[in-house]
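**Q** This is the structure I want to talk about, given as C-alpha cells.
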Amino acid sequence: MTGVAALWIILLLLMGGFALDKVLTSSIVRNFDNQLEYILNRSIIAASEIGPDGEVRFNRPPADQRFIEPYSGVYFQISGAGADTFPSRSLWDRRLRVGSEHNDKTVHTYDSKEFAGEPLRIAERDAILPGSEVRWRFQVAQSREIIDQQIRELRSTLIWSFAVLGAGLLILAGLQTVYGLWPLRRVRREVALIRSGEKTRISQAFPSEIRPLTEEINQLLAHSEAQAEEARRHAGNLAHALKTPLTVVTNAATAQSPDLAATVRREALVMRRQVDHHLARARAIGRRASAHARATVWQSLEAVQRVLDRLYEDVTVDIAGDRQAQVRVERQDLDEMIGNLVENAAKYGGGRVFVTVEPKGRMVDILVEDDGPGIAVADRGSLFARGARLDTTGKPGTGLGLAIVRDVAEIYGGRVALEESEDLGGLLARLSLPAG
C-alpha cells in the first residue's frame, strides 16, 4: 500500500511540477517579450524618422541608457535594403543577424545564439517610415541572462518545494498505512491469546472498519465450540446407547445363557441402529458447512423410486410437482431423508405412495402420502423418538427412520411434520427444506 501510494504521489508531483514549470516559465518569457515589444514600438519605431540624407535617425534619444553602453546586454539595430545599418552603441563592433526567411509585419520574438557566450532574446518588426519607400527592419535584443536566472530560481524553488511536499505526503501515506493496519496486529495478538487459551473471544474495542472482521471471527469461534460440544454430546449419547446392549451381552456370556446367540443378535441389531443414527447425524453436521451444497429434488425422487420398485413390487410410487426445484442439502443426505419417508410409506401403506414437490418461497416442501391406515394425532409426535415404533406386525425396521429424517432436516435448517393425507386417506409426511 505504501509503495503504490509512493508511486502515485511521485507521478502526480512530476506531472504537476512539469505543468507548473511550463506555465510559470511561459509567463516569465511572455513578460520579458512584452517589455521588448514595448521598447521596440514606443522607444525605437515611434522615435524614428527619415533624415535629409534618406537615412533613419531618432527625433529623440532612447530613454534606456543601456543602448549607449558597449556590450550592456541591451541592443537595437535598424536595417534597410540599400541603406546603411543603424546600430546602437551598445553593439559596438557587432551586428545583429538580419534574416529574410520571414516578413515581420507584426512583432516577432525569438531566441538567438549568434553572439558567443551571450544568448539573446530578439524582438523585430518591419515598418515603412513616412517619406521613405524602404522597408526597414527594427530589432531590439536583450541578453537572456535575466530570464534564465529567473527560470533557474523558479525551478530550484519548485524542485525543493515539491520534494518537501512529496516527502511529507510519503511520510503521511506511510503513517496512514501503519496506523490503518495497526488494528490487524491487535487482531493477530488476540487470536494468539485465544489459541493459547488465555481468552475465548476477541474484544470489541476495535475501529468500526475492523469490527465486522472480529465479529465474524467470534461467530466462527462460537460455531466451532458449538460443533465441538455437539460432537461431545453425540459421543456421550452413543456411548450411553451402546453401554446397555454391551452389558446385556456381557452378562449373558458370563452366565453362559442358553439363548446367548439370540441375545447377541438382538443386542447387535440395537447397537447397529444406534451407530447408523449417529453416523447419519455426524455426516450431515460435517456437510452443512458447505454453503454451495445443492441438490435437485426430482433426481433424488427418481433414484428412490427405482430402488423401491425393485424392493416392493406390489407398491406403486408416483411423483409430481416442480422438476427443477433445488434444496441447499447434500445429495446423499437428501436421498437418505426421502428414502426413509418413502420407504415407510411403502412399507406401512396400502400399496400406493404419492410424492409431490412444492416450492414455497424460501422453502421447498416434499409431501409423501400413502393410502394406509394413518396414525392418530396423539401418536405422531412419539414417532420421532429414537427406536419408537407403532407397528406390531413384525416388519423389519430399526425405528430410527423418522428420527434420522428429523435430525438431518434440522441440521440443514429444515423440518418434518406428520399430517393426514386428504387425497389418499393415510399418513402425509411433510419435509420442508431450504430452497436452493
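**Q** Pairs, please: C-beta under 8 Å, at least 6 apart or cross-chain, first residue under 22 Å from V107 (Cβ atoms) and in the stretch 42-58, second exposed (fewer than 14 other Cβ atoms within 10 Å of the Cβ) and of a type in the set (K, R)?
**A** Correct list of pairs: A47/R60; S48/R57; E49/R57; I50/R57.
**Q** Filter the stretch 41-75 down to the residues that are outside any loop (DSSP other than H, G, I, E, B), touching an Asp or Glu at 6+ places or on another chain (Cβ under 8 Å) and modelled with pLDDT of 90 or more and list them by number.
**A** V74
**Q** Does the stretch 181-203 include one or more residues that are closer than 28 Å to W8 by Cβ and of a type in the set (S, T, N, Q)?
**A** The answer is no; no qualifying residue exists.
**Q** Quick check on the stretch 95-141: of everything there that is small (G, A, S) and not in a loop (DSSP other than H, G, I, E, B), which residue is surrounded by the most Cβ atoms within 10 Å (Cβ to Cβ)?
**A** Residue satisfying both the conditions and the ranking: A123.
**Q** Right, next: Of all residues in the stretch 190-206 being exposed (fewer than 12 other Cβ atoms within 10 Å of the Cβ) and either among the hydrophobic types (A, V, I, L, M, F, W, C) or within 26 Å of the chain's Cα centre (by Cα) (or both), which is modelled with the lowest pLDDT?
**A** Out of the qualifying residues, it is Q204.
**Q** Then there's this: Among the residues of the stretch 76-95, what is the count of those that are aliphatic (A, V, I, L, M) and at pLDDT 90 or above?
**A** Summing the residues that are aliphatic (A, V, I, L, M) and at pLDDT 90 or above in the stretch 76-95 gives 2.
**Q** Filter the stretch 331-382 down to residues that are among the hydroxyl-bearing types (S, T, Y) and outside any strand (DSSP E or B) and give me whichever is farthest from V416 (Cα to Cα).
**A** Looking at residues that are among the hydroxyl-bearing types (S, T, Y) and outside any strand (DSSP E or B), I get Y348.
**Q** Next question. Residues that are in contact (Cβ under 8 Å) with a residue 12 or more places away in the chain, in contact with a helix residue (DSSP H, G or I) (Cβ under 8 Å, 6 or more places away or on another chain), more than 30 Å from A116 (Cβ to Cβ) and of a type in the set (S, T, N, Q): does the stretch 141-148 have at least one?
**A** no
**Q** Here is a check on your reading of the model: is S382 at pLDDT 85 or above and among the hydroxyl-bearing types (S, T, Y)?
**A** Details: at pLDDT 85 or above: no; among the hydroxyl-bearing types (S, T, Y): yes.
Criteria not met by S382.
**Q** Are any residues in the stretch 1-34 under 30 Å from G80 (Cα atoms) and either touching a residue at least 40 places away in the same chain (Cβ under 8 Å) or of a type in the set (S, T, Y) (or both), and if so, which ones?
**A** V29, F32, D33 - these are the residues of the stretch 1-34 that are under 30 Å from G80 (Cα atoms) and either touching a residue at least 40 places away in the same chain (Cβ under 8 Å) or of a type in the set (S, T, Y) (or both).
**Q** Report whether or not A116 is in contact (Cβ under 8 Å) with a residue 60 or more places away in the chain and more than 30 Å from L12 (Cα to Cα).
**A** no
**Q** Can you go through E216, E230, E190 and tell me which one is under 30 Å from Q332 (Cβ atoms), in contact (Cβ under 8 Å) with a residue 12 or more places away in the chain and part of a helix (DSSP H, G or I)? Break it down into steps so the answer makes sense when it comes.
**A** Working: E216 fails: in contact (Cβ under 8 Å) with a residue 12 or more places away in the chain; E190 fails: under 30 Å from Q332 (Cβ atoms).
Among E216, E230, E190, only E230 is under 30 Å from Q332 (Cβ atoms), in contact (Cβ under 8 Å) with a residue 12 or more places away in the chain and part of a helix (DSSP H, G or I).
**Q** Just the residues that are surrounded by 13 or more Cβ atoms within 10 Å (Cβ to Cβ), under 30 Å from R188 (Cα atoms) and at pLDDT 80 or above, please, taken from the stretch 213-267.
**A** Hits for the stretch 213-267 are L213, T214, E215, I217, N218, L221.
**Q** So which of G131, G80, G180, G166 ends up being under 30 Å from Q204 (Cα atoms) and either over 60 Å from the mean Cα position of the chain (by Cα) or of a type outside the set (S, T, N, Q) (or both)?
**A** G180 is the lone residue from the list that is under 30 Å from Q204 (Cα atoms) and either over 60 Å from the mean Cα position of the chain (by Cα) or of a type outside the set (S, T, N, Q) (or both).
The values are calculated or read from the model by the stated rules, or taken from the named source; none is laboratory data. All of these numbers come straight from a predicted model, not from anything done at the bench. Every residue, glycine among them, receives a Cβ derived from its backbone with ideal geometry; neighbour counts consider all protein chains shown.
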